[in-house]
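Any read-out appearing in this document is the output of simple, stated calculations on the displayed coordinates, not a laboratory observation. These figures come from a predicted structure and were not determined experimentally. Using ideal geometry, Cβ is built from the backbone for each residue, glycine included, and neighbour counts are taken over all protein chains shown.
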Ligand code: AMP
C-alpha cells in the first residue's frame, strides 16, 4: 500500500483514524513532541518501531508547561520541515492541535504529580511538571496508545510520567529512549538554536564534566567533594549551575557519601 502521512488537528478526526488502525489489529505508539524536530526526536520513531505497526507523533507547544518568564513566544517552530522529517521516517499520523482544541476557554482541570516534581528542575520551574502532566494525560486519553515514548534527556519528566500512568491506572506502556548527542557530547535540543557557536562549545563541557565526575564516583570517590569540584569546573567553563546532585535512578532520592558498589 502507498505510504501517506495523515495530518490531523481535531480530536474527533484523530479518534476515527486511530479506530481504523485498531480495526486492522495494529498496535499504536505515540511520540509526544513540541516540534522543531531534530535527530533526537526522530530517534524516538526508530526506537518505537519494533513495538508498534502504527506510529503517531504529536506536535503541540504546550503553554501550560511554560513559566511566565519563559520562552513560550519565542519557542522555535518549523511545522513544514517537521512534517517532511516525519514523512521521511514513514510516521503514520501527526496530530497538530491548536491551543483552543486542547484547552477550550472553559478548561478547568489540572493533573499534578506530587513528590518528585518540586525538586531538581521542578524547584526552579514551579508548575512546569503540572503543565507536562496535564498535557500528557490529555494526549494519552486522546490516543489511548499501546506505547508512548519519552527521551531520557528529560529524565525527571520521564519519571513523572511513569508515576502518573501508574497512579491513574493508564494502560499505555511508557518507554524511555536514550539521549542523542552531537559529536561534542551536547544533547540535541530544540532550544540549542538559542546558543551561539561559542556557547555550544562551552555547553559541551557539561557532558565531559558529568562523565569525569561519574567515573570518579564509580571508582569510590566521595560524593560531596567530587560534586564541589565539578561545580567549580563548570563555573570556570562559564556555567552558572543550579544543581549538581547524585540521585537514585528509580526513586530520584538524594544519595550522599559514596556510591554503593554493585
Ligand atoms: P520536546 O519536543 O522537547 O518536548 O521533546 C519531545 C520528546 O523528545 C521528549 O520525550 C524528549 O525527551 C525527547 N528528546 C528531545 N531531545 C532528545 C534527545 N537529544 N535525545 C533523545 N530524546 C530527546
- request: Find how much the distance from residue 237 to residue 53 grows on full extension, using 0.36 nm per residue of separation minus their present alpha carbon separation; answer in nm with one decimal.
  value: 61.7 nm
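Based on the Cβ-Cβ distance of residue 11 and residue 73, what FRET efficiency does E = 1/(1 + (r/R0)^6) give at R0 = 22 Å, to the nearest 0.05?
Values: r = 25 Å, r/R0 = 1.16.
For residue 11 and residue 73, the calculated efficiency is 0.30.
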statement: The helix 197-218 Cα axis meets the longest alpha-carbon principal axis of the chain at an angle in degrees, between 0 and 90 and rounded to 10, of 70
message: Quick check: the distance between the Cα centres of the stretch 179-217 and the stretch 42-98, to the nearest angstrom?
response: 23
query: To the nearest Å, what is the center-to-center distance of the stretch 117-175 and the stretch 23-38, using C-alpha atoms only?
result: 15
query: If you project the alpha carbons of the chain onto the principal axes, what extent comes out on each, in Å, largest first?
result: 57, 40, 39
query: Relative to the longest principal axis of the chain, what angle (0 to 90°, nearest 10) does the C-alpha long axis of helix 155-167 take?
result: 50
- prompt: Where does the Debye-calculated log10 I(q)/I(0) of the stretch 176-231 sit at q = 0.19, 0.23 Å⁻¹, using only Cα point scatterers of equal weight, no solvent?
  reply: -0.76, -0.91
- line: Taking Cα atoms, the helix 223-237 axis meets the longest principal axis of the chain at an angle in degrees (rounded to 10) of 80
task: With a ≥ b ≥ c taken as the square roots of the eigenvalues of the C-alpha gyration tensor of the stretch 133-262, please select rounded if a/c is under 1.5 and otherwise prolate if a/b is larger than b/c or oblate if it is not?
output: oblate
query: In square nanometres, what is one fourth of the surface area of the convex hull spanned by the alpha carbons of the stretch 1-106?
result: 7.8
Residue 167-residue 124 FRET efficiency (beta carbon distance; Förster radius 22 Å; 0.05 resolution): 0.35
Order by protection proxy (mean Cβ within 10 Å, highest first), peptides 35-42, 114-121, 55-62, 2-9: 55-62, 35-42, 114-121, 2-9
message: Please list log₁₀ I(q)/I(0) at q = 0.17, 0.27, 0.33, 0.34 Å⁻¹ for the stretch 16-58, using the Debye equation with identical point scatterers on the alpha-carbon positions.
response: -0.48, -0.92, -1.13, -1.16
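Indicate, rounded to the nearest 5 percent, the antiparallel portion of the DSSP beta bridges found entirely in the chain.
For the chain, the DSSP antiparallel bridge percentage is about 10.
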message: If I take the Cα coordinates of the stretch 89-175 and project them onto the principal axes, what are the three extents in Å, biggest first?
response: 37, 33, 26
field: Share of alpha-carbon pairs per 10 Å distance bin for the stretch 35-79, given as whole %
entry: 22, 42, 27, 9, 0
statement: Between the modelled labels at residue 22 and residue 253 (7 Å from Cα along Cα→Cβ) the distance in nm is 4.0
